[in-house]
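Presented below is the structure to which this report refers.
The values are calculated or read from the model by the stated rules, or taken from the named source; none is laboratory data. Small disclaimer: the values here were computed from a predicted structure and weren't measured. Neighbour counts are summed over all protein chains in view; Cβ atoms, including those assigned to glycine, are modelled from backbone coordinates with ideal geometry.
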Amino acid sequence: MIKKYKSSFLLLLLQLLLILQINAEYQEPVKFITNFSQLQPIVQGQLDHTATIAFDHPECSRCSQLEEPLQEYAEENQGFTITYIVDCEQMWEDEMAQQSLPMCNPTHISQLPIILLFEPASTTYRSAQNMQQHPYQGAFSQRDLSKFLRKHMPVYRDQIKSQKDFDNFMDIQEFETKVILFTNKENTSPLYKAITSTFRDRILFGEVHESSSDLISQFNINEFPTLYYFTKQQDGTYKPNLYEGRLKYKQIQEFLQEYASENRITKRTKKSQQNSNQKQSKNDKKEEALPEVKQLEIAKFEKQILNKENPILVHVTNQEKAHPLWNEILKKYNNMFEYFSFDANSEENLEFAKNHLFAKQTPAIRFYPHGIYKKQNSKIQFSDKITEIKEINQEFKEQFPDHTIIVSDDQQLQMQYQAQLMAGKVVHILFTDRETPLTIKSFAIDENYNKQNAFIVYRNPSEQMKAQFQIQKYPKFVTLFKESDVQQQGTVNQSEPQAQDQAKVAEYPGKLNYKDLSDYLKIFIQMQEGFQSKREVVEIKSQEDFKKYCQGQLQCLIAILNGEPDQRNFDEDTKLAEQLKILKKLNDRYSSKSVQFAWIDAICHSEILFPLNLSDQEIPNFIAWSESKKAISKMIGRFDREALILFIDKVLKGHVSFQPINYNDFEIKNYDCVVQHQKLLERKQQQEQNQGTGSELEDELLKEILEEERLKREALEKEFEEESGSKKKRKKKKKNKKTDL
């Protein structure tokens, strides 16, 4: 039996965000929302920064774990986001909240807290807001929350890659002030993203990468990052000025405040167009936000491209010309692909483009399909002679594997969706009269979606099925789920009895484009039962942590890693960052098992090495801890994903031996690792200094010894010479005597 309901909570949440955004002040890092009446006014406002909303309840046992990290997160990211807490207990007293905020339903307290991140609309001049929702799925820590935020922060700046781009940028006349960041970073920094959001459409922002050597030379840029601001003169030209203040949000924000326009500037007219009375064409309107395009680095080619499962597109360009379909591809396919750009602007880069990207000429678009094996053997590329996107789309369709479940009759459909529901998955059914769309194929092969969702395609359904799902036209996309698997999203007819395991259906009202459908699917992923209770990879910093995370578990799987400060820069590709990524993927892989993944900084906590029978030369390492046996099993081999999976599978099957340890000697001291690492560094420097002093003393002693040896040698030589001279005189006298005779 399938019951149908409709949801309006997303729309009301977006309205809530608009209200909360109006005249938002940053003095209080976290703002508390208790009254649903704030939804009532029809408010005209703009949301330029991201908004972070946490849904809380006084009776939520896990919500206290979020309180401190959320406060730290809000303080750390002031200017980057606005942070709110919604009190579900007080909110639920309002009838509108009961209809529109299902996450606040008292029956779902165990699934709180829920954190939603909202990315602002891509345009500020439309009445209908198009904000993108990102459910947070990570650990309750300031660092993980901040990392998630910075991944989704919008950026409002023009990329300036050539002199032509720069001239076009400077030719725009409406703005009194323009700002350009000169950087050597591959991606736009969170700080610059925050600044562009703060002064969005009041200052025009641009960004120049160090690879644009002509522009770097033109402005004599000797270090990165460097910030220039340009002020408009009476003759319409712009005067360049070097910003010499601190590169911190507060200082830059206060400095630029006096240069920003009071009102938003919604048009961009070039100087050459000022005297024209023609209406602005559609192409001049502000474009929708495009997905991120990363820079492909030759040294990271395998890591960035070949070793990834997901499909990838590489835009091979020169500074003069881009592929005519590149921007259209970004708009059409959005985040269906991962995007890279490679500029063949040097002899080395051109050689690499020909031999490794198989781009015989530039510009070109290189396509790497899904799957590591197919990537390494694929040579698909689109030259600029291809001007119709349907040609490229057809190639994509042929290359994308179809992992959807195809059914041909009602019985098959019922069997399939019941089986998937029993497996705890949310079931999405596409009713259509055509082949499976590329969008649906992409979700079906993406492990971020297919782990918790099943995708069924039913072509030309029966009249009975059309009536049951009220199918008026194709395509129609519906979602089936159980109350026990997913939080209820919206209102249900309470006059009818509802079985706990009864399947419910939600209709997707939008178009089957990647961006909108992705937002829809993420709602179900976020609200699946037990989602927030999933164990995370934790860092064990004390004996109390060890007892908390590793007692009572069937197995505790612990990585012994190097956590020195230079390794903890998680924005860089450090060994520690790569190792923790592996652990997180393994945590997802074994989420249904009774195991806890953790890691210990063995440089800070070197006291654990002896009882574990490890040396500092055996870092990184991986052990399985058995609480019942008070014993460990050490992995033998490299610290990589394949070796770890092999070891963990053996542990779970009981195919490894455990060695008891002296548990009384195993104590993780409650160190402040920042302080501890500093002490270790100072001790190391002192030892090196002492070794240097000892070497100097040894050199002085050696000099003295050599000098003594030299003096002795000279004395012996002198004595030998004197003795030789006496013998010669005696021989001469004897010879003279013989002559006389």
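Could you tell me whether Thr404 is at pLDDT below 85 and of a type outside the set (Lys, Arg)?
It is false that Thr404 is at pLDDT below 85 and of a type outside the set (Lys, Arg).
Quick check on Thr52: is it exposed (fewer than 15 other Cβ atoms within 10 Å of the Cβ) and either under 19 Å from Pro120 (Cβ atoms) or modelled with pLDDT under 80 (or both)? It would help to see each step written out before you state the result.
Working: exposed (fewer than 15 other Cβ atoms within 10 Å of the Cβ): no; either under 19 Å from Pro120 (Cβ atoms) or modelled with pLDDT under 80 (or both): yes.
In short, no.
Considering only residues of segment 331-365 that are out of contact with any Phe, Trp or Tyr (no Cβ under 7 Å at 6 or more places or on another chain) and closer than 30 Å to Gln132 by Cα, which is surrounded by the most Cβ atoms within 10 Å (Cβ to Cβ)?
Phe342
Looking only at segment 191-214, filter to residues that are surrounded by fewer than 20 Cβ atoms within 10 Å (Cβ to Cβ) and in a helix (DSSP H, G or I); which one of those is farthest from the chain's Cα centre (by Cα)?
Of everything passing the filter in segment 191-214, Asp214 is farthest from the chain's Cα centre (by Cα).
Assuming Phe342 fulfils every condition listed in (1) among the hydrophobic types (A, V, I, L, M, F, W, C); (2) in contact with a strand residue (DSSP E or B) (Cβ under 8 Å, 6 or more places away or on another chain); (3) farther than 26 Å from Glu210 by Cα apart from one, which condition is it?
(3)
Please determine whether any residue of segment 26-33 is under 24 Å from Ser518 (Cα atoms) and either modelled with pLDDT under 50 or surrounded by fewer than 20 Cβ atoms within 10 Å (Cβ to Cβ) (or both). Explain how you work it out, then say what you get.
Step one: list which residues in segment 26-33 are under 24 Å from Ser518 (Cα atoms), which gives none.
No, segment 26-33 has no match at all.
I'd like the full set of residues that are over 18 Å from Lys547 (Cβ atoms) and assigned to a loop (DSSP other than H, G, I, E, B), limited to segment 596-612.
Ala602, Ile603, Cys604, Leu609, Phe610
Show me the helices (runs of 4 or more DSSP H) found entirely inside segment 381-486 where at least 2 residues are assigned by TED's automatic domain parsing to the domain that holds Asn327 and in contact with a strand residue (DSSP E or B) (Cβ under 8 Å, 6 or more places away or on another chain). Talk me through it step by step, then tell me what you get.
Details: elements: 389-399, 410-422, 438-445, 447-450, 463-468.
Passing ranges, in order: 389-399.
Report, ordered by the first and then the second residue, all pairs with beta carbons closer than 6 Å, sequence separation of six or more or different chains, a first member in segment 64-78 that is under 12 Å from Leu149 (Cα atoms) and assigned by TED's automatic domain parsing to the domain that holds Ala51, and a second member that is β-branched (Val, Ile, Thr) and surrounded by fewer than 23 Cβ atoms within 10 Å (Cβ to Cβ).
Ala74/Val30
Search segment 78-112 for residues being more than 30 Å from Thr196 (Cβ to Cβ) and of a type in the set (Val, Ile, Thr), and hand back the single one that is surrounded by the fewest Cβ atoms within 10 Å (Cβ to Cβ). Working first, answer last.
Pass one, segment 78-112, residues more than 30 Å from Thr196 (Cβ to Cβ): 87-112.
Applying the additional criterion that residues be of a type in the set (Val, Ile, Thr) yields 107, 109.
Working: Thr107: 10, Ile109: 19.
Per the stated criteria, the residue is Thr107.
Kindly check whether there is at least one residue in segment 633-649 that is more than 22 Å from Lys581 (Cα to Cα) and crowded, with 16+ Cβ neighbours inside 10 Å. Can you show your working first?
From segment 633-649, those more than 22 Å from Lys581 (Cα to Cα) are 633; that's our starting set.
Narrowing further to those that are crowded, with 16+ Cβ neighbours inside 10 Å: 633.
Yes, some residue in segment 633-649 is more than 22 Å from Lys581 (Cα to Cα) and crowded, with 16+ Cβ neighbours inside 10 Å.
Can you pull out every residue in segment 157-167 that is buried (at least 19 other Cβ atoms within 10 Å of the Cβ) and touching a residue at least 60 places away in the same chain (Cβ under 8 Å)?
Across segment 157-167, the qualifying residue is only Lys161.
Kindly list the number of the only condition in (1) assigned to a helix (DSSP H, G or I); (2) under 26 Å from the mean Cα position of the chain (by Cα) that fails for Gln98.
So the condition that Gln98 fails would be (2).
Does segment 373-386 contain any residue that is in contact with a helix residue (DSSP H, G or I) (Cβ under 6 Å, 6 or more places away or on another chain), buried (at least 19 other Cβ atoms within 10 Å of the Cβ), in contact (Cβ under 8 Å) with a residue 40 or more places away in the chain and not hydrophobic (A, V, I, L, M, F, W, C)? Lay out the reasoning, then the answer.
Here is the first cut: in segment 373-386, the residues in contact with a helix residue (DSSP H, G or I) (Cβ under 6 Å, 6 or more places away or on another chain) are 375-376, 382.
Filter once more, keeping what is buried (at least 19 other Cβ atoms within 10 Å of the Cβ): 375, 382.
In the following step, the residues that additionally are in contact (Cβ under 8 Å) with a residue 40 or more places away in the chain were identified as 375, 382.
This time we only want the ones that are not hydrophobic (A, V, I, L, M, F, W, C), so: 375.
Checked against the condition, which is being in contact with a helix residue (DSSP H, G or I) (Cβ under 6 Å, 6 or more places away or on another chain), buried (at least 19 other Cβ atoms within 10 Å of the Cβ), in contact (Cβ under 8 Å) with a residue 40 or more places away in the chain and not hydrophobic (A, V, I, L, M, F, W, C), segment 373-386 yields at least one hit.
Looking for something in a loop (DSSP other than H, G, I, E, B), without any contact (Cβ under 8 Å) to a residue 24 or more places away in the chain, out of contact with any strand residue (DSSP E or B) (no Cβ under 7 Å at 6 or more places or on another chain) and among the acidic types (Asp, Glu) - is there at least one such residue anywhere in segment 645-666?
Keep residues of segment 645-666 that are in a loop (DSSP other than H, G, I, E, B), which gives 654-658, 661-662, 666.
From the residues that got through so far, the ones that are without any contact (Cβ under 8 Å) to a residue 24 or more places away in the chain too are 654-655.
This time we only want the ones that are out of contact with any strand residue (DSSP E or B) (no Cβ under 7 Å at 6 or more places or on another chain), so: 654-655.
Filter once more, keeping what is among the acidic types (Asp, Glu): none.
No, the conditions are met nowhere in segment 645-666.
For every residue, the table says whether it meets (1) of a type outside the set (Asp, Glu); (2) at pLDDT 90 or above; (3) at positive phi.
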residue	(1), (2), (3)
Ser127	yes, no, no
His134	yes, no, no
Gln137	yes, no, no
His152	yes, no, no
Asp158	no, yes, no
Ser162	yes, yes, no
Thr183	yes, yes, no
Gly206	yes, yes, no
Tyr228	yes, yes, no
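Which one of Ile195, Ile172 is assigned by TED's automatic domain parsing to the domain that holds Arg246, farther than 22 Å from Glu119 by Cα and of a type in the set (Val, Ile, Thr)?
On the way: Ile195 fails: farther than 22 Å from Glu119 by Cα.
Sole residue among the options that is assigned by TED's automatic domain parsing to the domain that holds Arg246, farther than 22 Å from Glu119 by Cα and of a type in the set (Val, Ile, Thr): Ile172.
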